């Protein structure tokens with residue numbers, strides 16, 4: 001059993017806005033091979049792997065920002 005974590009606080013810590021979340025989410029969905037490198041390359045350079053991982057985890061848990 002996991003501990004409930006406030007994903008809003010994590011998003012704030014990772015500097016993820018609603019706009020950033022949606023942009024990353026759409027890129028994850030449309031990328032066919034789902035590799036982090038491919039997703040990051042298709043996003044702007046200011047995106048970090050941890051931001052992409054966070055959005056991916058939210059998608060898996062069906063969480064919205």
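All of the numbers you see were taken from the coordinates with simple rules; none came from a lab. Small disclaimer: the values here were computed from a predicted structure and weren't measured. Positions of Cβ are backbone-derived with ideal geometry, glycine not excepted, and every protein chain shown enters the neighbour counts.
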Principal-axis tilt of helix 49-61 within the chain, Cα atoms, nearest 10 degrees
60
FRET E, pair residue 34, residue 12, Förster distance 22 Å, beta-carbon r, rounded to 0.05
0.25
So what is the relative contact order of region 7-61, in percent, for Cα pairs below 8 Å that sit 6 or more residues apart?
37
At q = 0.17 Å⁻¹, what base-10 log of I(q)/I(0) does the Debye formula yield for the chain when every alpha carbon is treated as an equal point scatterer in vacuo?
-0.55
Rounded to 0.05, the calculated FRET efficiency for the beta carbons of residue 48 and residue 4 at R₀ = 35 Å is 0.90
